[in-house]
Structure formats: structure tokens, C-alpha cells
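Below: one structure, written as C-alpha cells.
The values are calculated or read from the model by the stated rules, or taken from the named source; none is laboratory data. A quick note: this is a predicted structure, and the numbers were derived from the prediction, not measured. Note that we place each Cβ from the backbone using ideal geometry, even for glycine, and neighbour counts take in every protein chain shown.
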Amino acid sequence: MSNHKFKTEVSQLLNLIIHSLYSHKEIFLRELISNSSDALDKLKFLTLTDDNFKSYKFDPRIDIKFSEENKTLEIIDTGIGMDEEDLNKNLGTIANSGTKNFLKNLDENNKKDSNLIGQFGVGFYSCFMVADKVEVISRKAGTEQAFKWTSDGKGEYKIENAETEKDGTRIILHLNENGSEYTSKWSIESLIKKYSDHIAFPIFLEFEDTKYDDKDEDKEPTKETKIEQVNSAAALWKRAKTEISDEEYKEFYKTISHDFDEPLHYMHTKAEGSLEYSTLFFIPKKAPFDMYQADYKPGVKLYVKRVFITDDNKELLPPYLRFVRGIIDSEDLPLNVSREILQQNRVMASIKNKAVKKILSEIKELADKDAEKFKEFVENYNRPMKEGLYSDYSNKDAILEIVRFKSTMVDGYTSLAEYKERMLEDQKNIYYITGSDENLLRKSPLLKAYKEKGYEVLIADDDIDEIIIPSIFNYKEIPLKAINKSGADDELKSDDDKKAEKDATPVIDKIKEVLGDKVKDVKADTGLGDSPSAVIADENDPSAQMAHILKAMGQSGPEAKPILKVNIKHPLLEKYSTDSENFEDLANILLDQALMREGLALKDPANFIDRINKLIV
Ligand code: ADP
């Protein structure tokens with residue numbers, strides 16, 4: 001026998017579960033049954049693909065027993081089972097690094113948020129909400145020795161050798177007060193029906209049936225042990241869509257995702273013909289907590305002819321759809337399909353292709369038909385969808401109908417299609433401005449000229465906008481132009497403007513001379529309103545903001561210098577352009593204040609302040 005301490009993160013998780021999930025305590029049964037189902041999936045796969053298991057007598061089932069007298073509840077499966085090492089690894093640590101990070105970053109405020117906690121799957125440990133002692137007796141299929149794991153969930157567990165008749169796992173819960181209600185046929189049956197009806201293996205419930213004699217009322221009733229199957233045991237995604245209720249879809253989602261919330265949307269496809277497969281996809285209401293982590297857990301399980309193959313393959317869907325949960329079940333793939341084969345397999349590629357198209361068209365439909373739901377979608381998934389614009393070129397047009405942007409014309413978000421509708425007759429481009437601070441962008445002097453013309457400008461404040469929007473080039477043949485890049489405002493200028501700008505050449509040249517290599521160019525402008533100056537980037541350079549980000553990331557490209565736009569109608573210019581004593585200060589102030597307006601830190605702020613003070617005095 002050996003005693004062990006839980007790893008700190010397990011103790012932490014146990015604490016969290018017991019204190020924050022209390023109102024959801026009944027989910028423990030769903031979690032245990034779902035573990036049993038996974039274990040049966042794994043063994044089923046071996047019996048079909050591994051020569052060592054060719055003659056294995058596989059009788060897949062989950063049995064539930066309870067005793068009101070002993071206050072126990074047992075969940076028994078004939079699945080793959082666990083050996084000593086597995087028990088230590090699986091029921092003593094937390095393997096998922098995403099979960100570990102999540103726990104590390106938890107602060108007092110979100111400790112109570114059960115939705116967040118639910119997202120990463122509390123799994124096995126949830127049984128300590130209803131039990132003060134748990135025994136797990138298990139024998140791994142294909143091995144001789146069984147082991148028993150015992151714990152009270154308070155920091156330690158022990159493992160010892162055990163006896164058992166069957167391969168698989170038997171979990172015995174010694175129920176505490178919170179669990180005392182789970183010792184009746186009715187309560188257990190209704191929980192299984194509610195949470196686990198779709199489990200693809202039969203779940204049997206053992207109970208005592210009391211029989212009264214109809215003829216002789218005084219006769220002692222006889223007790224008989226009965227075993228009944230309580231679930232329908234058909235893979236949900238294989239059933240006819242018309243026969244599956246909304247409720248069933250939602251419960252199925254909760255089982256595969258461990259989410260407490262209902263899904264935002266689901267889509268079920270059964271393809272027949274040259275390629276036969278079923279897919280059932282769900283979009284969670286809230287973005288998975290690890291969506292922006294490189295080691296995110298993929299949410300789609302692959303089945304082949306109802307046999308579970310993998311839930312750990314990030315290539316079943318493209319990375320930008322990593323928030324999608326669900327199932328792909330193919331009739332045409334071989335059972336022993338390896339990761340490498342999967343990668344180059346034509347059947348898989350074709351299913352993936354069709355699945356992506358289906359998901360995108362469903363999201364588009366959501367946008368058209370259910371504004372409220374779609375708003376939630378945008379709030380959670382706009383950013384990954386934008387990633388799709390440059391990573392999934394073949395679906396670019398579909399994705400363009402889904403991504404949303406902020407704008408100078410509407411509150412909230414707008415689509416490119418709506419922008420196009422609102423375009424004025426003489427307007428030739430779709431305009432946008434990039435940067436990291438929405439507030440600063442909305443106040444940018446560069447907007448002035450466009451507002452005056454009545455042209456809408458998209459406020460692109462997402463950090464990836466500057467990379468993805470240029471890659472769009474055109475939307476329905478209308479070019480997209482960044483107004484903080486050179487060349488965008490050509491169509492705005494009247495002949496008078498152009499003449500005024502041309503006439504300013506001497507003073508502009510002088511400013512250029514003073515600023516030297518601090519700028520790429522200096523340009524006269526008439527459209528900056530009250531602002532004396534602004535900076536833009538050359539068409540093919542990163543913007544000042546972007547250059548700043550790249551530098552912070554240690555990426556040294558050629559240094560992209562800003563182009564300074566000078567408002568030749570501004571009084572500052574009228575006053576100082578002929579003042580040779582102060583001209584150098586003027587030129588530098590024009591540049592520095594334009595950079596500051598972008599929210600950028602100056603290289604030499606003291607110098608800027610000195611110059612300002614000098615002019616004021
Ligand atoms: P999760 O199911 O999310 O991985 P759990 O804490 O529920 O997390 O379970 C941890 C691991 O323990 C599982 O991944 C599995 O390997 C193992 N396990 C749990 N229950 C069983 C079971 N009934 N049979 C075999 N293995 C199991």
C-alpha cells in the first residue's frame with residue numbers, strides 16, 4: 001500500500017469545486033458516466049484495431065448500484081481501466097496545462113464564477129461534492145493486477161492492490177449529507193435521463209423491486225433485485241434530426257464540453273452519397289478560456305463508424321474555428337487511422353472542407369436571422385474569425401460576411417455589406433483607420449476630411465486588424481483603404497485643395513529639411529480641421545502603432561518612419577512659417593504632437609516640453 005499527497009493544483013481544484021459548484025452538485029454523475037463512456041470508447045477501439053485484443057470478450061456497459069442503508073452509490077464500467085501508474089497520473093494530478101494556468105491565475109473575484117470553472121471540466125473530482133470518501137477499484141484491460149485508490153478528497157489518497165472479477169473501473173461513493181438524495185431509483189434514473197441519455201453505451205440501474213401480493217394484503221411483500229436499462233444508448237448524432245429534441249442536443253453539448261451553459265448554437269449534418277459522415281457542432285456561449293493559448297484543447301472528437309478515435313487532433317477543423325465543439329463521425333475512414341494518415345487523407349480533407357463551409361454558412365444565417373444571438377457571437381468570436389481571413393483564403397468571401405467592425409457611423413458593430421449599403425454615390429473606397437485605442441482613433445484629425453464628405457470610416461482597433469484588413473484588398477470589388485496610410489485621401493481633394501497644397505511647397509520643404517531623417521516625408525494637407533498636424537505611414541510600411549508593437553516584440557525590420565501631414569490652414573503655421581528664429585521649434589512640435597496624438601511615447605519628451613515653453617514665453 002502507498003500513501004500519496006495530491007499535487008497542489010488538485011487540492012486547489014477540489015477546494016474550488018466544493019465551494020463554487022455546490023449548486024450544481026448533481027453534475028457529478030454526468031462527469032463519472034462520461035468518464036466511463038470514454039473508457040469504453042478506448043477499449044472498443046483496441047478490440048477493433050489491436051491484434052492483442054482480437055479475441056477479447058468485450059461487453060460494453062455501465063452499471064449503477066446504490067444502497068440507501070449503506071449510503072453508497074457505485075458506477076461500474078467494463079472500459080479500459082487504470083493500472084497503478086494511471087491512477088497516480090489521472091487521479092492525483094491535473095494533466096491539462098491550460099487548466100493549471102487557469103488555476104494559477106485565479107483571483108478572489110472570479111473564484112465564484114462557476115461557468116468559468118465548468119468550462120475546463122471538473123471531471124472526476126466533482127464527486128467529492130457528494131461523497132466524503134471515494135474508492136476507485138480498477139483493472140486495466142490486458143493486465144492481471146487490480147488496484148484500489150481511496151481518498152477523502154482532503155489532500156491525500158492511497159493506492160493498494162485489490163481483487164476484482166472484471167476489467168474496467170468501479171467507483172464507490174460513500175455519500176455525505178449532500179449526496180444522501182442519490183439513493184433512490186427515481187432520483188438516479190431522472191439524473192441519467194436528464195444528463196446522460198445520449199451516452200452510446202447501455203447504462204443499467206440495479207434496484208430493489210418490492211412486490212405486494214394482490215390477493216393477500218397481509219402477506220409480507222417480497223423484494224426482488226432488478227436491473228433495467230435507463231438510457232437509449234444510441235449515438236445521438238446518428239439518430240434522425242427530427243427525433244432529437246432541443247433539450248437532448250443541449251445536454252449532449254454539456255457532456256462533451258463540460259460547459260454549464262447551453263450552447264449558443266448547434267448544427268447537425270448527416271451526409272449520404274459518395275461521402276458518408278455525420279457532424280454535430282456546437283458554438284459555446286462564452287469563448288473557451290484557453291482560446292488564446294497556444295496549447296488550447298481542441299473541441300472536436302473524431303469517430304469512425306461510431307468508434308471513438310481521437311479528441312486531441314487540432315487539425316480536424318482550422319485553428320480559427322478552435323472554439324467549435326462537437327463530433328465528426330465518418331463511415332469511410334479506416335479505424336486504425338493514425339495522426340499522420342489523417343493529415344493527408346482525402347476523405348478527411350473533404351469532410352473538413354464541407355464542415356467548415358457548413359459552420360460558416362450557419363453563422364451567416366445566425367447573423368441574418370437572429371441579431372441578439374449573433375451579437376453574442378461577435379463579442380466572443382469576432383477575433384478568431386478575423387484570423388480566418390488570412391489563414392483560410394478559400395473561404396475568404398464567406399468569412400467577410402461574418403466579421404464585424406466598429407465604425408464612425410453606427411453604434412456597436414457593422415458588417416462590410418452594411419457599409420457598402422451606406423456608401424455615398426461618389427465614394428470609391430471603403431475606409432478604415434487602424435490603431436490600438438478606440439478613443440484616440442475616434443478623435444484622430446485624419447477623420448475630419450472624411451466626416452466632412454460624409455464618408456464612413458471603420459475604426460479598426462483590434463491588434464490584428466492592421467495585418468488582416470490589408471489582406472482583404474477588396475470587398476465586392478471595392479478597395480479597402482487605410483486612412484492612416486498614404487494615398488487614401490486622393491479622391492477627397494478638390495482642385496482648390498490641391499492648389500493650396502501645391503502652393504505650400506516652400507514651407508513644407510523647409511519643415512522637411514529641419515526634421516531630416518526623423519520622417520519619411522512631409523506633406524501639405526487641408527483636411528485636418530483644428531489640428532495642426534498628423535502622422536500617417538507609407539502605404540507599404542507598418543503604421544506608427546504597428547511599428548511600435550513590432551519593435552516591442554523584438555522584430556527589427558527596416559525602421560518605418562512616419563509621414564508628417566501638416567495642416568497648412570492652421571493658425572500655428574500662418575504665425576510661425578516666416579519666423580526664422582522659431583521655425584525649428586515649430587517643425588519639431590508639429591511632429592511630436594502628432595505622434596503623441598497616436599498615443600505613442602516620445603523619444604525625448606523633455607525636448608518637446610522645452611520647445612513648447614519657449615514658444616509660449
Ligand atoms: P477528464 O475526463 O476531463 O480527463 P477527469 O478528472 O474526469 O478528467 O479524469 C481524469 C482521467 O482519469 C481521465 O482522463 C481518464 O484517463 C481517467 N479516468 C477517469 N475515470 C475513468 C474510468 N472510469 N475508466 C478509466 N479511466 C478513467
Exercise. Counting only residues that are within 15 Å of the ligand (Cβ to nearest atom) and not in a loop (DSSP other than H, G, I, E, B), which one in the stretch 41-61 is surrounded by the most Cβ atoms within 10 Å (Cβ to Cβ)?
Worked result: LEU43
Seminar exercise, completed: Within the stretch 23-40, restricting to residues that are charged (D, E, K, R) and either near the ligand (Cβ under 10 Å from one of its atoms) or at pLDDT 95 or above (or both), the one that is surrounded by the most Cβ atoms within 10 Å (Cβ to Cβ) is GLU31
Problem set entry | Subset of the stretch 281-303 [touching a helix residue (DSSP H, G or I) at 6+ places or on another chain (Cβ under 9 Å) and either among the aromatic types (Phe, Trp, Tyr) or within 28 Å of ASP50 (Cα to Cα) (or both)] | PHE281, PHE282, PHE289, TYR292, TYR296, LYS297, GLY299, VAL300, LYS301, LEU302, TYR303
Exercise. Are any of the residues in the stretch 266-283 under 26 Å from VAL347 (Cα atoms), of a type in the set (S, T, N, Q), surrounded by fewer than 20 Cβ atoms within 10 Å (Cβ to Cβ) and free of Cβ contacts under 8 Å to residues at least 40 places away in the same chain?
Worked result: yes
Exercise. Does ILE199 count as within 16 Å of the ligand (Cβ to nearest atom) and not in a loop (DSSP other than H, G, I, E, B)?
Worked result: no
Exercise. Just wondering, is there one or more residues in the stretch 161-175 that are more than 12 Å from the ligand (Cβ to nearest atom), among the small types (Gly, Ala, Ser) and under 15 Å from ILE62 (Cβ atoms)?
Worked result: no
For this session: Working only within the stretch 164-188, note down all residues that are more than 24 Å from ILE18 (Cα to Cα) and not polar (S, T, N, Q).
Result: GLU165, LYS166, ASP167, GLY168, LYS185, TRP186
For this session: For GLU372, state whether it is in contact with a strand residue (DSSP E or B) (Cβ under 9 Å, 6 or more places away or on another chain), among the charged types (D, E, K, R) and not assigned by TED's automatic domain parsing to the domain that holds LYS54.
Result: no
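The rows are residues; the columns are (1) under 22 Å from GLY599 (Cα atoms); (2) touching a residue at least 60 places away in the same chain (Cβ under 8 Å).
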{"residue": "ASP461", "(1), (2)": "yes, no"}
{"residue": "TYR475", "(1), (2)": "no, yes"}
{"residue": "LYS502", "(1), (2)": "no, no"}
{"residue": "THR505", "(1), (2)": "no, no"}
{"residue": "LYS512", "(1), (2)": "no, no"}
{"residue": "VAL519", "(1), (2)": "yes, yes"}
Exercise. Can you find a residue in the stretch 142-154 that is crowded, with 21+ Cβ neighbours inside 10 Å, assigned to a loop (DSSP other than H, G, I, E, B) and in the same structural domain as ASN88 (by TED's automatic domain parsing)?
Worked result: yes
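Residues are listed down the side, and each one gets a yes or a no for (1) of a type in the set (Asp, Glu); (2) in a helix (DSSP H, G or I); (3) crowded, with 20+ Cβ neighbours inside 10 Å:
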{"position": "GLU418", "(1), (2), (3)": "yes, yes, no"}
{"position": "GLU421", "(1), (2), (3)": "yes, yes, no"}
{"position": "LEU424", "(1), (2), (3)": "no, no, no"}
{"position": "LYS428", "(1), (2), (3)": "no, no, no"}
{"position": "ILE433", "(1), (2), (3)": "no, no, yes"}
{"position": "LEU441", "(1), (2), (3)": "no, yes, yes"}
{"position": "TYR450", "(1), (2), (3)": "no, yes, yes"}
{"position": "TYR455", "(1), (2), (3)": "no, no, yes"}
Problem set entry | In the stretch 225-250, residue surrounded by the most Cβ atoms within 10 Å (Cβ to Cβ) [restricted to those that are over 20 Å from MET267 (Cβ atoms) and of a type outside the set (A, V, I, L, M, F, W, C)] | ASN231
Seminar exercise, completed: ILE64 passes all but one of the listed conditions (1) within 13 Å of the ligand (Cβ to nearest atom); (2) modelled with pLDDT of 95 or more; (3) in contact with a helix residue (DSSP H, G or I) (Cβ under 7 Å, 6 or more places away or on another chain); (4) under 24 Å from VAL10 (Cα atoms); the exception is number (4)
Seminar exercise, completed: Within the stretch 206-234, the residues that are modelled with pLDDT under 80 and not in a loop (DSSP other than H, G, I, E, B) are none
